[in-house]
Amino acid sequence: MTRFDRYVLSQLMVLFGFFALILVSIYWINRAVLLFDKMIGDGQSTAVVVELTLLTLPRVIALMLPMAAFAAAVYVTNRMSSESELVVMQASGFSPFRIARPVLVFGLIVALMSGLLGHFLVPASTERMRERQAEISSNITAKLLSEGTFLHPTNGVTFYIRKITQDGALQDVFLSDRRDPEITMTYTAAQAYLTRDGSSTDLVMIEGLSQGYVPEDGRLFTTHFTDFGYDISAVVNTDVSRGNNVEFLTTPQLMRNPKKVMRTTGVSPGAYAIELHDRFNQSLIGVAAALIGFSTLLVGGFSRFGVWRQIIGAIGLLVVIKMIESAVAEPVLRNAALWPLVYMPSVSGFAIATGLLLWVRRPRRRRRAVIQEAPA
């Protein structure tokens, strides 16, 4: 690589790291807040919440890499254009394709990172997150045994325990079940125990009161009991599916035996084709996004008024690429033989960038021809 290539590539990598950090942080924090509220509301510890939040990070990074590559290419090209660096390079005889070479190398580096994430890290983190969620869902202690906190293990159910003794007794228990629209049941007890019988889980309450409220006519039924067993199996929802999913498999596992993968996961051939080929397509989109950002701004050339129109045009072209990506999913889902359509977004991106670079060359050739034909 020449000094110019290294200079442009270093600028792109620095800005890429900056934009990737900003975009990933914003998107990841938004998702983390939602997950934090849900998990803390279910009585999970901070360590569990942090672990699950970190497991979502590889997927977030994979989603943001093409956008960060596009933003870095646009920013660097805009700065080089405003400081006349591109004008100098073009005047020295560099063609648009020659100037775009470090941008292509930059896009390939982004594609390598995106491929590492999409083919290996994202499936591994997704699988691990599914396993941890299954463990948490099957752990009754994590769902219900939390002192001094109103928990909502499922919609329409509220559970509260004032204190848990060392022998496992639950003191001052409150349970509200509002799942039946015709009657609301509320149970209070001085003491309670959790018991398990196979797949069934019961809450045995001692010395308590049950209240049934009928909203239709406003009647309230109360019953005092010495001991009462309440089946909470449906409340804790311990039946968590542990089946395989194509999202949990790395790309080599997907490609090793397609028929077996489709049989064990239950996905259709179209869904299998989309999952497999989209992982390669996402890597290529990172390259196309960087080239589109560079070539679109190069069309504008140097201008004292800036290249904001070209920036808006580059964003519009990226939106078109995403629209193509959404449009090709349905045909491939119906017919797996149409899997080449999955690569249409990246191919379209390369075609747009190539066309723009060719367009930049045309005016220069015409101006040279006019100069040569002018009389001395």
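The values are calculated or read from the model by the stated rules, or taken from the named source; none is laboratory data. Since this is a predicted model, take the numbers as computed values, not measurements. Positions of Cβ are backbone-derived with ideal geometry, glycine not excepted, and every protein chain shown enters the neighbour counts. Side chains are part of the model used for accessible areas, which takes the heavy atoms of the whole protein and leaves out ligands, DNA and RNA. Shrake-Rupley method; radii C 1.70, N 1.55, O 1.52, S 1.80 Å.
Observations, loosely collected:
- 81, 326, ranked by accessible area, largest first (probe 1.4 Å): 326, 81
- Lys, Arg +1 and Asp, Glu -1 on Cβ, resulting dipole of the range 71-181 about Cα centre, debye, nearest 20: 280
- From the Kirkwood radius over Cα pairs of the chain, Stokes-Einstein at 37 °C and 0.692 mPa s returns a whole-number translational diffusion coefficient of 129 µm²/s.
- Taking every protein chain into account, the accessible area of the chain amounts to 54 square angstrom per residue (probe 1.4 Å).
- FRET E, pair residue 26, residue 222, Förster distance 35 Å, beta-carbon r, rounded to 0.05: 0.10
- Cβ-Cβ distance of residue 91 and residue 335, R₀ of 45 Å, FRET efficiency by 1/(1 + (r/R0)^6): the value works out to about 0.30.
- Dimensions (Å) - the range 241-363, Cα atoms, principal axes, largest first: 61, 27, 22
- Dipole size of the range 15-133 about its Cα centre, with +1 on Lys/Arg Cβ and -1 on Asp/Glu Cβ: approximately 200 debye, rounded to the nearest 20.
- Positive end of the dipole of the chain (Cβ unit charges, origin at the Cα centre): among 266, 77, 36, the Cα lying farthest that way belongs to 77.
- When the charge dipole of the chain is built from unit charges on Cβ atoms (+1 for Lys and Arg, -1 for Asp and Glu) and taken about the Cα centre, the candidate among 87, 50, 215 whose Cα reaches farthest toward its positive end is 87.
- With the highest mean first, a sort of the peptides 50-61, 164-175, 220-231 on other beta-carbon atoms found within 10 angstrom per residue produces 50-61, 164-175, 220-231.
- When the Cα positions of 360, 225, 25 are compared along the charge dipole of the chain, 360 comes out farthest toward the positive end, with charges on each C-beta of Lys, Arg, Asp and Glu.
- Percent carbon-and-sulfur accessible area, the range 2-100, ignoring ligands, DNA and RNA, probe 1.4 Å: 72
- Taking the Cα centre of the chain as origin and assigning +1 to Lys and Arg Cβ atoms and -1 to Asp and Glu Cβ atoms, the resulting dipole is close to 3220 debye.
- Largest first, the extents of the alpha carbon coordinates of the range 71-221 on the three principal axes equal 92, 38, 25 Å.
- Highest-first arrangement of 278-291, 115-128, where packing means the average Cβ count within 10 Å: 278-291, 115-128
- Helical segments meeting 24 Å axial Cα length and Kyte-Doolittle -0.5 threshold in the chain (DSSP H): 3-41, 57-82, 269-300, 308-327, 344-373
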